[in-house]
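Presented below is the structure to which this report refers.
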Amino acid sequence: MAETRRKFLKQVALGTAAFCVSPRTRVLGANERIGIGMIGVGGRGQELLQQVLELPTTQLIAIADVYSRRREEARHLAPGIQTLDDYRRLLDLKNIEAVIVASPLHIHARHFLDTLSAGKDLYSEKTMTWSIPEAEQCLAAAKKSDRVIQIGLQHESSGALADARKWIRDGVVGKVTQVESWMSRNTPHGNGQWVRPVPSDCTPQNVGWKAFLNGRPDRQFDAFKFINWRLFWEFSGGNVTENMVHQIAWIMSALNLPLPVSAYMSGGVFSEKDGRQVPDTIAVTLDFPNDLVVTWQSTFSNSNYGLGERILGSDGTIEHLSGVNDMVTGSSEDSTRYYPEKVNRPDSVARVGETVDQNHMANWVDCMRSRKTPNATVDIGYRSAIAAHMANLAYRQKQCITLEAAKSAESQF
Ligand SMILES: NC(=O)c1ccc[n+]([C@@H]2O[C@H](COP(=O)([O-])OP(=O)(O)OC[C@H]3O[C@@H](n4cnc5c(N)ncnc54)[C@H](O)[C@@H]3O)[C@@H](O)[C@H]2O)c1
């Protein structure tokens, strides 16, 4: 006992005690509900809020959001919850054991670190952080913590990933030297992808602007940027952190890849020149150790090929498609398939993936009960974040960037 206390005081002196103090490590009984809080209840936050409400084993206690409209919307969706404008008050609440973070990208790291410091379990939306140094900080904090952390990379819970892993494990894919992946969308002429209208009540009186800025240089309230933060580097990483991160995490998990050794990204704002900074047309090349190149390309002015990944092996191909249109029939396809390379596997046959998706939110909640590790670990959150930030740094610098150069870059801009 005295030894435990001495250890605790030493941790306090080192400033690491908060990560080690656990309000709950016991396994919960089947009928006990887990008290949940949420930080950021905008577009994605409200989807996650509804997912939580559908789970009988959780109880949504409170939400924190800097915009009064979002607090009202959350109250409407979940009458009786407490609504706060400062997330720190939410973290003070003792009956909240776990927190879901769905704030804009540039605030993820603060909310991630403070949630762990408060001793709560965490579900943090992707991309894990806005920058590489923040990703290092969050990984280090998670390693010191015993909290259950799920990253909002829901494709880590997909049946497609389970199928791809199984086929790779079975040895029917062979040596993989290349993976191609893509993601494409379109909008009506004149309406840029992601642009949201600014509600009339989005005013300095109704928005905690300084908290939104999160340490960025202070300036006059800008309602357009507050609503459309995705379009600007200060707050966003563009489509690489919005969408590539999902696919690169999936590819890295399927093939168990380490960090890329170098990255290159070309493209620009070509589809709608509406004042946005982040490119809408993108081609990324990531080099991995052990003879592997992964490419990802993306456009916002053609949606025909939806999104997909093709793992190209010497013995076979794994193809995962979503929303891909057949040019002749016009029908759209979602599938995971394996095709053998007849030169090396003459007797193999094609396979179709049949594993059903797991509920990513339910997986987090189950793990909070069992204290097991959820499907989308901090480690894959970290590796996919680094890959995304390397690509963006290469784009900003207009040159190929190595992992070392990306990690020591002075600025993320
Ligand atoms: N996993 C997925 O499929 C998926 C899908 C969409 C979005 N996302 C991610 O979810 C996150 C949010 O995206 P969104 O589209 O919901 O954005 P959004 O702008 O609609 O919502 C963000 C919310 O955070 C609030 N907010 C801003 N600063 C805050 C602060 N300091 N404290 C508390 N609240 C604050 C805003 O008022 C807003 O309600 C992003 O990281 C995005 O990449 C994930």
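The values are calculated or read from the model by the stated rules, or taken from the named source; none is laboratory data. Bear in mind that the values here come from a model prediction, so they are computed numbers and not experimental data. Backbone-built Cβ (ideal geometry, glycine too); neighbour counts: all protein chains shown. To get the accessible areas, we keep the full protein, side chains included, count just its heavy atoms, and leave off ligands, DNA and RNA. Shrake-Rupley method; radii C 1.70, N 1.55, O 1.52, S 1.80 Å.
For the chain, calculate the relative contact order in percent as a whole number, restricting contacts to Cα pairs under 8 Å that are 6 or more residues apart. Display every interim value, and only then the final one.
Values: 834 pairs, mean separation 78.7, N = 413.
After rounding, I find 19 percent.
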Taking amide H atoms as placed 1.01 Å from N in the peptide plane, list the residues 5 or more away in sequence, or in a different chain, whose amide H sits under 5 Å from that of I39.
A64, I100, V101, A102
Each residue of the stretch 283-288 in order: what ³J(HN,Hα) in whole Hz does its phi give by Karplus 6.51 cos²θ - 1.76 cosθ + 1.60, θ = phi - 60°, with x for Gly and Pro?
10, 10, 10, 10, 9, 10
Name the trypsin sites (Lys or Arg not before Pro) in the stretch 50-118 that are in a loop by DSSP and that have at most 16 other C-beta atoms within 10 Å, would you?
K94
For a quick check of your reading of the filter: which trypsin sites (Lys or Arg not before Pro) in the stretch 267-347 sit in a DSSP loop and have no more than 11 other Cβ atoms within 10 Å?
K273, K342
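Measuring with a 1.4 Å probe in the full set of protein chains, what accessible area per residue, in whole Å², belongs to the chain?
Numbers: 18720 Å² over 413 residues.
Per residue, the chain has an accessible area of 45 Å².
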With charges only on Cβ, +1 for K and R and -1 for D and E, what is the dipole size of the chain about its Cα centre, in debye, rounded to 20?
1340 debye
HN-Hα J couplings of the stretch 340-356 from phi, Karplus 6.51/-1.76/1.60, θ = phi - 60°, integer Hz, Gly and Pro as x?
x, 8, 4, 5, 10, 9, x, 9, 7, 10, 5, 10, 10, x, 10, 5, 7
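Are there GluC sites (Glu not before Pro) in the stretch 285-377 that DSSP marks as loop and that have at most 10 other Cβ atoms within 10 Å, and which are they?
Passing sites in the stretch 285-377 are E354.
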For each pair in K126/K225; K166/K342; K143/K398; K126/K273, compute the distance between the two Cα atoms and list the pairs where it is over 23 Å.
K143/K398; K126/K273
How big is the equivalent ellipsoid of the chain along its three axes, where each semi-axis is √(5λ) from the Cα gyration tensor, reported in whole Å from largest to smallest?
35, 27, 22
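With the cut-off at 1.5 for a/c, could you classify the stretch 114-270 from its C-alpha gyration tensor as rounded, prolate or oblate? Could the numbers behind the result be given before it?
Working: a/c = 2.28, a/b = 1.43, b/c = 1.60.
Since a/c reaches 1.5 but b/c is at least a/b, the shape of the stretch 114-270 is classed as oblate.
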Which of G238, T355, A64, positive extreme of dipole for the chain (C-beta unit charges):
A64
Alpha-carbon radius of gyration plus Dmax, which is the widest Cα pair, for the stretch 328-371 in Å:
18.0, 50
